[in-house]
Amino acid sequence: MSGALTHNRLGVKRLKTSTIMSSVMLALIPGSILMVYWLGPGVLMNLTVSVLVAVACEALCLRCRQRAITPMIADGSIVLAAWLLALCLPPAFPFGPLIVGTLAMCVLGKHLYGGLGQNLFNPAMVGYAVLLVSFPTAMTTWTQPGELTAFNDTANWGSWWALKWHGVSSLGGSWDAITQATPLDHLRSLERQSLIVDVDALHSPPWRALSLAWLAGGLYLLVRGIIRWHIPVAMLVAAALTHLAYRFFFPEYSLPLLPALFYGALMLGAFFIATDPVTAPSSVRSRLCYGAGIGVLSMVIRTSSNYPEGVAFAVLLMNATTPLLDRWFVLDKRL
């Protein structure tokens, strides 16, 4: 997207960039509120710091490129990218690495390619990938839903600041009591020990509700015409089929279909990340292939690699295929 109006690359309405960005941020609010409620104020801290650093970095990059600063910041694109990055991080993620990831998102993911509308890769996922490779322990240390909300009162803010500056290790021997793996991490651990997985024992109604919140936000964007159905539907269908194929060929992979779709980042990725109009392809058929590719790769990475979730890497890999998909498929204007 560039200029005052978006180019209709994804078949969405020709709206101002700021209108599209504000609509997407509005759709993110319910899920963000649930994350803050269940995981504590660290989510809100991540969001605040990421947005502030991203805006400052955006202004600096625009000044160095001798571009107008105010209009580009006012369109909301950098704020949305920072918001998405913050939602992908554990609430106990330290400030230092968070700043590094936000700078990587802005510089490497966006301005290195020429700014908004020119970037090949999704900026938020670039920042996430940099953090996952550089700080793997911090990126995989998630808090137990509901446990860290005890730090909401003023008396415990000292502990919260120590947590955010130094990570969970700053809480000494007590950190195991307030952290746990995400459901997919826990499932991976059980399967590698050849233990029978009891899905009900994962006790993850917050994660399921959070995925439903992302789904509701995505449906809102579909109704508003901000995104089209091709990418999210193709991604979720392909992910489901890939999961079923794994269960057929590998009986020890015992997670049922619905938890596989609702325990990870598939809903957030399908409706808010994969549908980025800049880094996704143009035609209907290429969008279907693009979404399906993300779905398949997400499940393959989730089940066959050391990472419990693969949406970020799947999006980045398929971002790289966008020019090729656009070249393969004739632009279909019958939307």
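The values are calculated or read from the model by the stated rules, or taken from the named source; none is laboratory data. Just so we're clear, the structure is a prediction, and the values are computed from it rather than from any experiment. Reconstructed Cβ throughout: ideal geometry from the backbone, glycine too, with neighbour counts over all protein chains shown.
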Q. Just to be sure, is Leu85 within 27 Å of Glu309 (Cβ to Cβ) and at pLDDT below 90?
A. no
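On the given criteria, is Tyr263 of a type in the set (Phe, Trp, Tyr), surrounded by 23 or more Cβ atoms within 10 Å (Cβ to Cβ) and at pLDDT below 85? Step through it out loud before you land on a result.
On the way: of a type in the set (Phe, Trp, Tyr): yes; surrounded by 23 or more Cβ atoms within 10 Å (Cβ to Cβ): yes; at pLDDT below 85: yes.
In short, yes.
I'd like the full set of residues that are hydroxyl-bearing (Ser, Thr, Tyr) and at pLDDT 90 or above, limited to the range 88-121.
To start, the set of residues in the range 88-121 that are hydroxyl-bearing (Ser, Thr, Tyr) comprises 102, 113.
Hit for the range 88-121 is Thr102, nothing else.
So that you can scan it fast, the table gives a plain yes or no per residue for (1) touching a Gly at 6+ places or on another chain (Cβ under 9 Å); (2) surrounded by 17 or more Cβ atoms within 10 Å (Cβ to Cβ); (3) modelled with pLDDT under 90:
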{"residue": "Met21", "(1), (2), (3)": "yes, yes, no"}
{"residue": "Ala27", "(1), (2), (3)": "yes, yes, no"}
{"residue": "Ser32", "(1), (2), (3)": "no, yes, no"}
{"residue": "Leu52", "(1), (2), (3)": "no, no, no"}
Q. Could you count how many residues in the range 288-325 are outside any helix (DSSP H, G or I) and either touching a residue at least 12 places away in the same chain (Cβ under 8 Å) or crowded, with 21+ Cβ neighbours inside 10 Å (or both)?
A. 6
Q | Residue that is over 27 Å from Ile20 (Cβ atoms) and without any contact (Cβ under 8 Å) to a residue 24 or more places away in the chain, where the choices are Pro251, Pro259 | A | Pro251
Q) Is it true that some residue in the range 96-111 is assigned to a helix (DSSP H, G or I) and either without any contact (Cβ under 8 Å) to a residue 24 or more places away in the chain or among the polar types (S, T, N, Q) (or both)? A) yes
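From the list Tyr253, Tyr246, which residue is assigned to a helix (DSSP H, G or I), touching a Phe, Trp or Tyr at 6+ places or on another chain (Cβ under 6 Å) and modelled with pLDDT under 90? Break it down stepwise before answering.
Details: Tyr253 fails: assigned to a helix (DSSP H, G or I).
Sole residue among the options that is assigned to a helix (DSSP H, G or I), touching a Phe, Trp or Tyr at 6+ places or on another chain (Cβ under 6 Å) and modelled with pLDDT under 90: Tyr246.
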Q) How many residues are closer than 14 Å to Met45 by Cβ and of a type in the set (Gly, Ala, Ser) if we restrict to the range 102-126? A) 0
